[in-house]
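The values are calculated or read from the model by the stated rules, or taken from the named source; none is laboratory data. Since this is a predicted model, take the numbers as computed values, not measurements. Cβ coordinates were reconstructed from backbone atoms using ideal geometry, including for glycine residues, and neighbour counts include every protein chain displayed.
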Amino acid sequence: MSQRIYPSILSADFANLETELQRISTADAAHVDVMDNHFVPNLTLGLPVAERLQQVSPIPLDIHLMIENPERWAPGYAEMGAFSVTFHAEATAEPVALARKIRQIGSRASLALKPGTRAEQYLDILGEFDQILVMTVEPGFGGQKFMADTMPKLRLLNDARKRLEIDVWLQVDGGITADTITAAAEAGADTFVAGSSVFGGVPADNIATLREAVRAHGGH
């Protein structure tokens, strides 16, 4: 199974985002956090900025919608050409319908689970999604400490996808460093969002370090 590194531009220099995207061109995709100051207590960027990033980015965009009412907004991110659109399970009553709409437009559909949200209720519908994002911090701010107690949830999802024989990616986001990425990989994660551990220094070197850490310590 291949391993993917997605730097989070939440840790980038917002005054120079085009340059920052070039600095992470060796990554697999750029993770773009969209926050509305309602679903989470922070406000970042929206569709107009994401559309412009899509035009200049050398790598695909992985959109993470930490917003209320994703039914209204998610399709627009798919229509602009995002590689993947993630919405939160806690923000929608109809996750399958929204995932199908995103897929129909042409993007990968991803469901995010907060640390306190149980995965059991979603196991029967795993095949409706291209990716499940297990949040390893409380969503809203970058630079938080990795929550190791989310790893059993990741293992549960990994066991389920093996049992069901479906190709759903397992993504982790929050506190991912060269030290914590190994625990996530061993629990079944294959797609890793990293912010400050990529942009704090030379991004290309940090991306290579993260890739090597996964390879050395049990990428599945």
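Picking from residues in segment 1-17 that are part of a loop (DSSP other than H, G, I, E, B) and of a type outside the set (S, T, N, Q), the one that is farthest from the chain's Cα centre (by Cα) is Asp13.
Counting residues in segment 55-63 that are closer than 20 Å to Gln171 by Cα, surrounded by fewer than 18 Cβ atoms within 10 Å (Cβ to Cβ), within 16 Å of the chain's Cα centre (by Cα) and β-branched (Val, Ile, Thr) gives one or more. Output the residue which, of all residues in segment 142-169 that are touching a residue at least 60 places away in the same chain (Cβ under 8 Å) and within 14 Å of the chain's Cα centre (by Cα), is farthest from Arg108 (Cα to Cα). If we take residues in segment 142-169 being touching a residue at least 60 places away in the same chain (Cβ under 8 Å) and within 14 Å of the chain's Cα centre (by Cα), then Gly142 is farthest from Arg108 (Cα to Cα).
Residues of segment 145-186 that are of a type in the set (Gly, Ala, Ser) and within 14 Å of Pro115 (Cβ to Cβ): Ala148, Gly174, Gly175, Ala184. The condition (being within 20 Å of Thr92 (Cα to Cα) and either assigned to a loop (DSSP other than H, G, I, E, B) or modelled with pLDDT of 95 or more (or both)) is satisfied by just one residue among Ile176, Ile125, Ile166: Ile125. Looking at segment 189-205, can you tell me whether even one residue there is under 23 Å from Ala27 (Cβ atoms), at pLDDT 95 or above and touching an Asp or Glu at 6+ places or on another chain (Cβ under 7 Å)? Yes, because at least one residue in segment 189-205 is under 23 Å from Ala27 (Cβ atoms), at pLDDT 95 or above and touching an Asp or Glu at 6+ places or on another chain (Cβ under 7 Å). Screening Val172 against (1) free of Cβ contacts under 8 Å to residues at least 40 places away in the same chain; (2) of a type outside the set (Gly, Ala, Ser); (3) buried (at least 19 other Cβ atoms within 10 Å of the Cβ); (4) touching an Asp or Glu at 6+ places or on another chain (Cβ under 6 Å) leaves a single unmet condition, (4). Between Thr86, Thr92, Thr117, Thr136, which is within 20 Å of Asn69 (Cβ to Cβ), crowded, with 20+ Cβ neighbours inside 10 Å, at pLDDT 95 or above and of a type in the set (S, T, N, Q)? Of Thr86, Thr92, Thr117, Thr136, the one residue that is within 20 Å of Asn69 (Cβ to Cβ), crowded, with 20+ Cβ neighbours inside 10 Å, at pLDDT 95 or above and of a type in the set (S, T, N, Q) is Thr86.
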